[in-house]
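Engineer: Encoded as structure tokens, here's the structure I'll be asking about.
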Amino acid sequence: MARYTGSVCKLCRREGMKLFLKGDRCYTDKCAFERRGYPPGQHGQMRGKVSAYALQFREKQKTKRLYGLVETQFANLFTKAERTRGITGSALMALLERRLDNVVYRLGFAASRKQARMMITHGLFLVNGKKVTIPSCLVAANDTVGAAGKAEEGSSVAESLKAVDRRGIPEWLSLDKTNLKGVVKRLPLRGDITMPVEEHLIVELYSK
């Protein structure tokens, strides 16, 4: 599956906000968005009229890049959200939050979602005591996510946990730092997701 291999800092600048794709670096003055907070390219600082479609498209791109998904993965999640009872936009955001790579990141075991995906594919995490190597796996209420033995031996998880107090743990998750385990207390609600995402624009885009 194709993956973006360019500068991730350009993605933040293009979307006009920090997507925290480089972990701790995004919190320092080395962050490219802090130094050049305008879109990349020759005409990045020029302002023009933005159409309704452009607003919808940019919101979709921003959300997709924030969670590190490619187009097919994002479209499949939207289709699943459409089939869920309730508000489609809220269901989409809940599904994005329930991805295992996002849960590992939210618990502070990884500095970024990209790092979380890499660690999961290398078999460094267990879900309910069983090794899971699929980052897109959706967690359920009362699931336990913990570091496997070889993850405990490494320093990356411990280093990432040092920044967890700065990022905070969502209310729908709980963390046991001593045993390197987290519990999904309940499924995430839209109110638990504080990121500036206007999901209704994404719904309008896919409804065309």
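Engineer: Under 8 Å for C-alpha pairs, at least 6 residues apart: give me the relative contact order for segment 78-203, rounded to a whole percent.
Structural biologist: 27
Engineer: Report the label-to-label distance for LYS80 and MET118 in nanometres (one decimal), using points 7 Å from each Cα along the Cα→Cβ vector.
Structural biologist: 2.5
Engineer: Work the Kirkwood hydrodynamic radius out for segment 52-117: mean of 1/r over every pair of different alpha-carbon atoms, inverted, in Å. List each step's numbers first, then the result.
Structural biologist: Numbers: mean 1/r = 0.0796 Å⁻¹.
Computed over Cα pairs of segment 52-117, the Kirkwood hydrodynamic radius comes out at 12.6 Å.
Engineer: Still on this structure: For PHE125, PHE57, which order do you get if you count the other beta carbons within 10 Å of each Cβ and list the fewest first? Display every interim value, and only then the final one.
Structural biologist: Numbers: PHE125 29, PHE57 14.
Result, fewest neighbours first: PHE57, PHE125.
Engineer: If you don't mind, there's one more thing I want to ask. If the limit is 25 Å between Cα atoms, which of LYS60/LYS80; LYS64/LYS181; LYS80/LYS114; LYS60/LYS185; LYS185/LYS208 go over it?
Structural biologist: Values: LYS60/LYS80 16 Å; LYS64/LYS181 27 Å; LYS80/LYS114 23 Å; LYS60/LYS185 29 Å; LYS185/LYS208 36 Å.
Violating the 25 Å Cα-Cα cut-off are LYS64/LYS181; LYS60/LYS185; LYS185/LYS208.
Engineer: When a footprinting reagent is the concern and you count Cβ atoms within 10 Å, what order do ASP101, ASP165 take, fewest first?
Structural biologist: Fewest-to-most ranking of ASP101, ASP165: ASP165, ASP101.
Engineer: Okay, next question. Could you put THR88, THR133 in order, starting from the residue whose Cβ has the fewest other Cβ atoms within 10 Å?
Structural biologist: The order, fewest Cβ neighbours first, is THR133, THR88.
Engineer: Can you work out D for segment 49-208 in µm² s⁻¹ from Stokes-Einstein, where Rh is the Kirkwood radius over C-alpha pairs, the temperature is 37 °C and the viscosity is 0.692 mPa s?
Structural biologist: The diffusion coefficient I find is 202 µm²/s.
We did not get these values from a lab; they are worked out from the coordinates using the rules stated. The structure displayed is predicted, hence computed values, not measured ones. So basically every Cβ, Gly included, is an ideal-geometry build from the backbone, and we count neighbours across all protein chains shown.
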